[in-house]
Every structure is written in structure tokens, then in C-alpha cells.
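Read the structure below first, then the notes.
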Amino acid sequence: MLATDKPSTLKQTPLHALHVTRGGKMVPFAGYDMPVQYATGVLKEHLHTRAAAGLFDVSHMGQMTLRAKSGKLEDAALALEKLVPMDILALAPDRQRYAQFTNETGGILDDLMVANFGDHLFLVVNAACKDEDEAHLRAHLSDNCIIETLPDRALIALQGPKAADVLAEFCPEAPAMKFMDAGPHQVNGIACFVSRSGYTGEDGYEISIPNDQAEALTSALLDHPDMLPIGLGARDSLRLEAGLCLYGHDIDTTTTPIEGGLNWSIQKSRRTGGARAGGFLGSDKILAQLDGGAPRKRIGLLPEGRAPVREGVLLFADATSTESIGSVTSGGFGPSLGAPIAMGYLPSAQAADGTTVYAELRGQRMPMKVSPMPFVPHSYKR
Amino acid sequence: MTTLYTEDHEWLLIDGDVVTVGITDYAQSQLGDVVFVELPKVGRALKKAEAAAVVESVKAASDVYAPITGEVVAINDALAAEPALVNSDADGKAWFFKLKLADKSELDGLMDADAYKAHTA
């Protein structure tokens with residue numbers, strides 16, 4: 001009933017030794033040897049993050065900068081707007097925004113964060129996509145832009161209601177930042193990039209640290225009594241409760257941002273009738289769906305029983321129909337809710353909140369209710 | 001009464017022809033926090049190696065296989081209300097089901113406590 005599979009070619013983050021020392025149970029993830037949990041266990045790590053503060057190593061994610069050859073930020077912003085449906089030109093200095101790289105057919109190549117660092121843009125992309133993202137940027141933007149990856153930087157996230165108090169002891173400016181503020185800050189005397197953001201639905205920060213100082217700073221933060229190291233297991237249950245997409249599961253090249261329910265992330269200026277409407281890869285399809293509706297959409301699902309309903313489970317309109325109408329893309333147990341939760345895709349006509357659909361689980365049809373997300377309210381400091 | 005173990009980390013408590021089955025403490029420690037257990041119905045005839053129960057931890061779902069052939073004569077209803085019993089008392093209160101032993105020779109290949117300890121070392 002237990003399987004261990006550990007290819008020998010796994011990469012390590014600069015915090016690998018720290019994870020092992022602190023009892024991290026290491027598993028392969030996106031080509032890296034990463035902690036899925038510590039001795040605390042997934043359930044307690046999850047609840048501790050919601051009650052106090054948790055520290056996550058996300059150094060496997062890709063960090064890169066985008067600079068215009070002209071030296072003007074607006075040229076880099078306009079260049080990036082060819083690859084994302086977001087307004088990058090209006091992104092203010094020291095602010096960050098959620099974005100997606102789209103393809104010609106309106107699918108999503110990756111989702112990412114874009115920050116305005118004054119004279120250049122700072123991007124954080126998913127680990128599994130970072131090489132393809134870099135190639136994509138070089139293929140489309142090299143004429144006007146310089147793309148630089150930052151493999152010499154680690155990335156950690158501090159999440160939870162006490163994250164601000166903890167970080168204030170190391171970075172006095174941190175509490176004054178608002179949700180999605182981002183910029184260079186000294187943290188314990190180390191030159192970091194700090195953003196007030198995260199992937200748990202909680203208040204918190206993401207901190208980019210030079211590799212050679214990552215372990216010292218992370219250890220100092222973990223020595224705070226309110227802080228615990230948190231593994232990938234709780235990271236997944238936290239983001240699922242927060243209704244946040246996991247790339248490669250809830251969104252991918254076969255889903256558009258509209259089907260994925262990410263309409264909110266597309267600013268007016270890039271929509272039909274906006275100042276810079278369209279002009280990004282797949283814009284015809286994406287804007288048509290934004291205006292006229294998408295055939296299917298990503299929805300939250302609450303199983304009526306106690307059994308978790310996981311990724312890949314097929315969904316049916318009723319207890320006996322033979323043709324599935326959708327599937328679960330993420331699912332598990334929500335420790336803060338004390339109940340199973342899931343997300344998946346359904347035809348838009350059958351996706352209204354409160355609709356009952358049936359999951360086929362081990363040969364049985366289990367009723368689930370379409371539910372609004374997030375399952376646990378966000379507590380961002382706006 | 002004797003306790004025997006499978007390579008799949010189940011324990012079997014043999015009491016005459018009634019065999020109580022659970023998962024070992026080692027298994028629960030590898031699974032992590034258990035949030036759901038699905039048990040077979042009483043009266044179901046299980047064949048050896050057939051999927052009999054499901055344990056869901058926060059991380060994943062795992063099958064529990066019937067370690068021997070036999071009819072299910074009892075299941076542990078307490079696990080439905082309190083799946084975390086599997087973490088706190090895997091070897092005791094968190095038994096899964098009881099089987100009526102059909103073929104005693106099926107017990108021959110199982111491990112005793114010392115052999116199981118060596119298996120997980």
C-alpha cells in the first residue's frame with residue numbers, strides 16, 4: 001500500500017539541507033526533492049498556518065526579470081502584454097499582479113506573478129513550466145527585451161495571520177505593505193525582494209533571497225515561536241480551500257482563462273472595447289468567451305459524504321447516466337472545514353451553485369453539490 | 001491468540017476461525033493523518049488479495065487488501081465517526097474488519113512480529 005520512487009536526478013533547492021535537518025519527508029516534485037511534510041504532519045501544518053504562521057520553501061519556482069532594450073519599463077510592459085491578457089502597462093511601481101501566459105488556441109501555458117520593479121518587470125512562474133516559459137519569452141520578446149533567469153535566488157513564503165508580526169521583527173517596513181505590494185527590501189540586513197502575497201488564502205509574504213543567504217535567513221525565521229516549516233501536502237490543501245488553481249491540474253493548455261474562472265484577472269483595458277483590447281495569444285477565443293460565455297467552467301464541489309473525491313474522478317448529471325459531463329481536477333480533505341472538498345469542470349449550463357452532480361467513486365455514485373469558492377474566506381490585507 | 005503480519009502492512013489477530021484485520025502502526029505513520037475509511041459490507045465474501053477497504057489520508061487514498069479469503073463477519077463502525085483512530089491506535093481500537101477464516105493454510109506465508117519488524121527496518 002506504500003510506494004517510494006525517487007529518481008536520482010532530482011534537483012535540490014538551497015534549503016534542502018535545512019528540510020532534512022528539520023525532519024522533512026522528501027518526495028519528488030517538479031524535478032526537485034521537496035518536503036511533502038515534516039514531523040508535524042499535513043493536518044497540523046495546515047491548521048497551524050491558518051492559526052499562526054507557516055514557512056514554505058518555493059525555491060523550485062522560476063524567478064526571472066524582463067527588461068526592455070530601450071531601458072523604458074513601458075516597452076517591457078507592452079511586450080509582455082502580447083503574451084498575457086492582463087494590463088501590465090498600468091501596473092504601478094512596487095505592485096504585483098496575477099497573470100497567465102496564453103497560447104494561440106486560448107489555452108493556458110502557465111500562470112504567474114508579474115511585479116513592477118521600477119525599471120524592469122519581475123516574474124515568478126511555476127517550477128514545472130519554467131524552462132518552457134523562458135523559451136516562450138525568448139521566442140516572442142527577444143527583439144525588444146532582455147530576459148534573465150535568476151537561479152541564484154531562493155524563494156520562501158510566510159503565510160498566516162501572524163506572518164506580518166513575525167516578519168516585522170526582521171523587516172520593519174513589512175507590515176505597512178498592502179496585498180500585492182512588491183519590491184526590494186532588507187530582511188535581517190539581506191537584500192531581498194518581498195511581496196505581500198501567497199497561495200494559501202491567508203495574509204502573508206513571499207521573499208526572494210540570494211541563495212547563499214537563504215538558509216541563514218530561513219533558519220532565523222523558523223526560530224520564531226509562531227513559525228513552523230510547512231510541506232507541499234499542506235500547501236496543496238491550503239490552496240484548495242482557498243479555491244486557487246494548481247497549474248497542470250485545474251488549468252492547462254486545454255482550458256482557457258474564462259473556462260478556468262479567471263475572468264477577474266483580465267483588466268478592462270484588455271477586454272473588448274478597452275484601450276488595448278486583445279492583441280495577446282489566443283485573444284480572439286478568450287475575448288469571445290468573455291463576451292458570450294464559455295461552454296464549461298471550473299467550479300467548487302462539496303461531496304455530501306465523508307469520502308474525499310480526488311483528481312480524475314468523473315462527474316455525472318445523475319445517479320444512473322452513463323455519459324460523464326465533467327471531471328474533478330483537484331480534490332481532497334479540507335482540514336479547516338473538516339470535510340472533503342474538490343474543484344473540477346462542468347458544462348456551464350449545469351454549473352450553477354447548488355446543483356447536485358454525481359462522482360463515480362469505486363463503482364458508486366456519490367452526490368456532490370456545486371459550491372462557490374473560496375471554501376475558506378481569503379484574509380488578504382488590502 | 002496470535003498476531004501475524006503481511007508484507008502490505010496489515011496485521012491479523014487469529015482467534016479460532018475469526019481473524020481481525022487492521023493496518024500496522026508503521027503503515028499509519030507512512031500514510032499520515034487519516035480522514036476517511038471505507039469498509040466492506042458485513043456478509044461480503046472476500047478473496048485473498050482483493051481490495052477490501054480504502055484508507056484516505058490528507059495526502060492520498062490507499063487500498064487495503066484482504067490478507068486471506070473469508071466472509072466479512074464484522075466491521076469497525078467507530079472508524080466512520082473517528083477515522084483518526086487509525087493514527088492514534090492502529091494496533092488496537094482501529095481494527096478494520098473481521099473475517100471468517102476459510103482456508104487455514106493461507107496463514108502459512110504470513111510473518112510473525114519479529115519477521116515484520118525486520119521487514120520494516
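Worth pointing out:
- Solvent exposure, largest accessible area first (probe 1.4 Å, DNA, RNA and ligands not counted), of B:Leu12, A:Leu337, A:Leu232: A:Leu337, A:Leu232, B:Leu12
- For region A:241-317, the convex hull spanned by the alpha carbon atoms encloses 118 Å³ per residue.
- Mean shadow area of the protein assembly as shown over all directions, Cα convex hull, nm²: 25.1
- Inverse of mean 1/r across different Cα pairs in region A:284-325, Kirkwood, Å: 13.2
- For chain A, size of Cβ-based charge dipole, Lys and Arg +1, Asp and Glu -1, in debye: 640
- Region A:190-297 - Rg over Rh from alpha carbon coordinates, Kirkwood radius: 1.11
- Whole-number D in µm² s⁻¹ for region A:318-375, Kirkwood Cα-pair radius fed into Stokes-Einstein, 20 °C, 1.002 mPa s: 175
- For region A:125-278, the Kirkwood estimate of hydrodynamic radius, built from reciprocal distances between every pair of different alpha carbons, is 17.8 Å.
- Computed log₁₀ I(q)/I(0) - Debye formula, equal Cα scatterers, no solvent, region A:98-175, q 0.12, 0.15, 0.24 Å⁻¹: -0.49, -0.70, -1.26
- Quick note on region A:27-99: its Rg to Rh ratio, both from C-alpha atoms and Rh being the Kirkwood radius, is 1.16.
- Qualifying trypsin sites (Lys or Arg not before Pro) for region B:1-105 [loop in DSSP, other Cβ within 10 Å: at most 12]: B:Lys41, B:Lys47
- Measuring r between the beta carbons of A:Gln186 and A:Asp226 and using R0 = 22 Å, the FRET efficiency lands at 0.55.
- Computed over chain A: relative contact order in percent, which uses C-alpha pairs under 8 Å that are six or more apart: 17
- Ignoring lysines fewer than eight residues from A:Lys381 along the same chain, the ones with Cα atoms less than 17 angstrom from its Cα are A:Lys162, A:Lys178.
- What a 1.4 Å probe finds exposed on region A:288-363 is 51% carbon and sulfur by accessible area, rounded to a whole percent.
- In terms of its C-alpha gyration tensor, chain B comes out oblate, because a/c is 1.5 or above while a/b does not outweigh b/c.
- For region A:21-65, heavy-atom accessible area (probe 1.4 Å) falls by no less than 40 Å² from the chain alone to the full protein assembly at A:Lys25, A:Val42, A:Leu43.
- Qualifying GluC sites (Glu not before Pro) in region B:1-70, DSSP loop, other Cβ atoms within 10 Å at most 14: B:Glu7, B:Glu50
- The residues of region B:1-45 listed by number as losing at least 30 Å² of accessible area in the complex, against the isolated chain and with a 1.4 Å probe, are B:Asp8, B:Gln30, B:Asp33, B:Val35, B:Phe36, B:Glu38.
- Rolling a 1.4 Å probe over the protein heavy atoms gives chain A an accessible area of 40 Å² per residue.
- Across region A:278-382, Cα-Cα distances exceeding 20 Å account for 43% of all pairs.
- Take every DSSP beta bridge whose two residues both sit in chain A; close to 95 percent of them are antiparallel.
- Rounded to the nearest 20, the size of the Cβ-charge dipole of region A:300-382 about its Cα centre is 380 debye, with Lys and Arg at +1 and Asp and Glu at -1.
- The heavy atoms of A:Asp33 offer some 20 square angstrom of accessible surface to a 1.4 angstrom probe.
- Computed over region A:236-304: relative contact order in percent, which uses C-alpha pairs under 8 Å that are six or more apart: 32
- Here the Karplus relation 6.51 cos²θ - 1.76 cosθ + 1.60, evaluated at θ = phi - 60°, turns the backbone of region A:27-38 into coupling constants of 9, x, 8, 6, x, 10, 8, 10, x, 7, 6, 10 Hz, with x for every Gly and Pro.
- Over region A:81-136, the alpha carbon radius of gyration divided by the compact-protein estimate 2.2 N^0.38 Å works out to 1.11.
- Peptide B:50-58, shielding by other chains (average Cβ, 10 Å cutoff): 4
- Ordered from longest to shortest, the equivalent ellipsoid semi-axes for region A:163-222 are 17, 12, 11 Å, each the square root of 5 times a Cα gyration tensor eigenvalue.
- Qualifying GluC sites (Glu not before Pro) in region A:137-182, DSSP loop, other Cβ atoms within 10 Å at most 16: A:Glu169, A:Glu173
- Calculated FRET efficiency for the pair B:Lys47/A:Gln364, C-beta based, R₀ 25 Å, to 0.05: 0.80
- Between A:Met373 and A:Gly300, the built amide H atoms are under 5 Å apart, and every one of these is 5 or more places off in sequence or on another chain.
- Straight-line cross-link reach from B:Lys41 at under 26 Å between alpha-carbon atoms covers these lysines, not counting any fewer than eight positions away in the same chain: B:Lys59, B:Lys93, B:Lys98, B:Lys100, B:Lys104.
- As a ratio to 2.2 N^0.38 Å, the alpha-carbon radius of gyration for region B:54-121 is 1.27.
- Helix-only CD estimate at 222 nm, as mean residue ellipticity for the protein assembly as shown, using -39500 (n - 2.57) per DSSP H run (n ≥ 4): -5000 deg cm²/dmol
- Only Lys, Arg (+1) and Asp, Glu (-1) charged, at Cβ; region A:1-132 dipole about Cα centre in debye: 460
- Taking region A:49-187 and dividing mean pair separation by its residue count, relative contact order in percent (alpha carbons under 8 Å, at least six apart): 36
- Solvent-free Debye scattering, log10 I(q)/I(0), computed from the Cα coordinates of region A:1-155 at q = 0.08, 0.17, 0.19, 0.20 Å⁻¹: -0.30, -1.01, -1.13, -1.19
The values are calculated or read from the model by the stated rules, or taken from the named source; none is laboratory data. Owing to the predicted nature of the structure, the values given are computational and were not obtained by experimental measurement. Neighbour counts run over all protein chains shown; Cβ positions are idealised from the backbone, glycine included. Only protein heavy atoms, including side chains, enter the accessible area calculation; ligands, DNA and RNA are left aside. Shrake-Rupley method; radii C 1.70, N 1.55, O 1.52, S 1.80 Å.
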